[in-house]
Amino acid sequence: QNSIMNTIKRPKNIESQETIVKRENGYLNEKEVNIYLNTIQKLADPNWLERDMSIILIFINTGIRASALYKLDIKDIDFYEKSLIVTDKEQKVYKKMLSDNTLSWINQWMKRREELLDGRELDALFISNRKTRISSHAISNIVIKYSCDIHGKKITPHKLRATYGTYIYKKTRDIYFTQQCMNHSNPETTALYIRGEKNNMEEKSRQLINNLFLSN
């Protein structure tokens, strides 16, 4: 015999301090992004500065995964349209727009890349010090390498993807637009990237309702 209590939803647990800290550590704020980019320019090997900056800026600029970034070829960059063609999970192909600053660094990298390859033909946009296509693992190492000035946060490609998603949502407040930018199949997945916003939603809703008919 079913009890009526079984039909009542249990209240959600209040977030613990540990959960809040974990969520806040899941992305970089704008100040930390600037620190991170400055560290790259300070520490990078001169031969690989343009490559490393291009890789990090593409992550921050597009939110793509490391598994998609290492597959990028020269032909995937369109400087005229300021776009990037990305092949992601399950061979899904989509277009990402790039900032002028990101395109500038990629352009500088392509010139450096040509010097490093010294006439050798290679499709890969990003190469390793062995002059072959860079691996996803090597890209992760590059991301981690420059995180020394960001205290308390281990920087990973996924964390840069979360940074992108969080920034898009904070600027637009549109979860469906953010979902499209993140190429998620449903908004529930996207909601996981709305870092530091969930606690404010109830208060914002209350304020909106209070002010809804004040002008009438």
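When the C-alpha to C-alpha distance is required to be over 27 Å, the pairs from Lys75/Lys131; Lys96/Lys170; Lys42/Lys170; Lys111/Lys153; Lys92/Lys159 that qualify are Lys42/Lys170; Lys111/Lys153.
Annotation note: trypsin sites (Lys or Arg not before Pro) in region 152-184 located in DSSP loop regions with a Cβ neighbour count of at most 16 within 10 Å are Lys153, Lys154, Arg173.
Ranking Glu115, Glu32, Glu81, Glu90 by solvent-accessible area of protein heavy atoms (1.4 Å probe, all protein chains present), from largest to smallest, gives Glu90, Glu115, Glu81, Glu32. The chymotrypsin sites (Phe, Trp or Tyr not before Pro) of region 25-123 meeting both criteria, a DSSP state outside H, G, I, E and B (loop) and at most 13 other C-beta atoms within 10 angstrom of the site's C-beta, are Phe79, Tyr80. Each of Phe177, Phe126 has its accessible area taken with a 1.4 Å probe; listed largest first, they run Phe177, Phe126.
A simple count of charges around Ser67, restricted to other residues whose Cβ falls under 10 Å of its Cβ and scoring Lys, Arg +1 and Asp, Glu -1, yields +2. Of the residues Arg65, Arg113, the one with the largest accessible area comes first in the ranking Arg65, Arg113, computed with a 1.4 Å probe on protein heavy atoms. Note on Ile127: accessible area approximately 0 square angstrom, rounded to 10, probe 1.4 Å, nucleic acids and ligands left out. The Cβ shell under 11 Å around Leu125 holds other residues with a net charge of +2, Lys and Arg each +1, Asp and Glu each -1. Within a Cβ distance under 14 Å of Glu81, other residues only, what is the Lys/Arg minus Asp/Glu net charge? Surrounding charge for Glu81 is +1.
The values are calculated or read from the model by the stated rules, or taken from the named source; none is laboratory data. Nothing here was measured: the structure is a model prediction, and the numbers come from that model. FYI the Cβ positions are ideal-geometry reconstructions off the backbone, even for glycines, and counts take in every protein chain you see. Heavy atoms of the whole protein, side chains included, go into the accessibility calculation; ligands, DNA and RNA do not. Shrake-Rupley method; radii C 1.70, N 1.55, O 1.52, S 1.80 Å.
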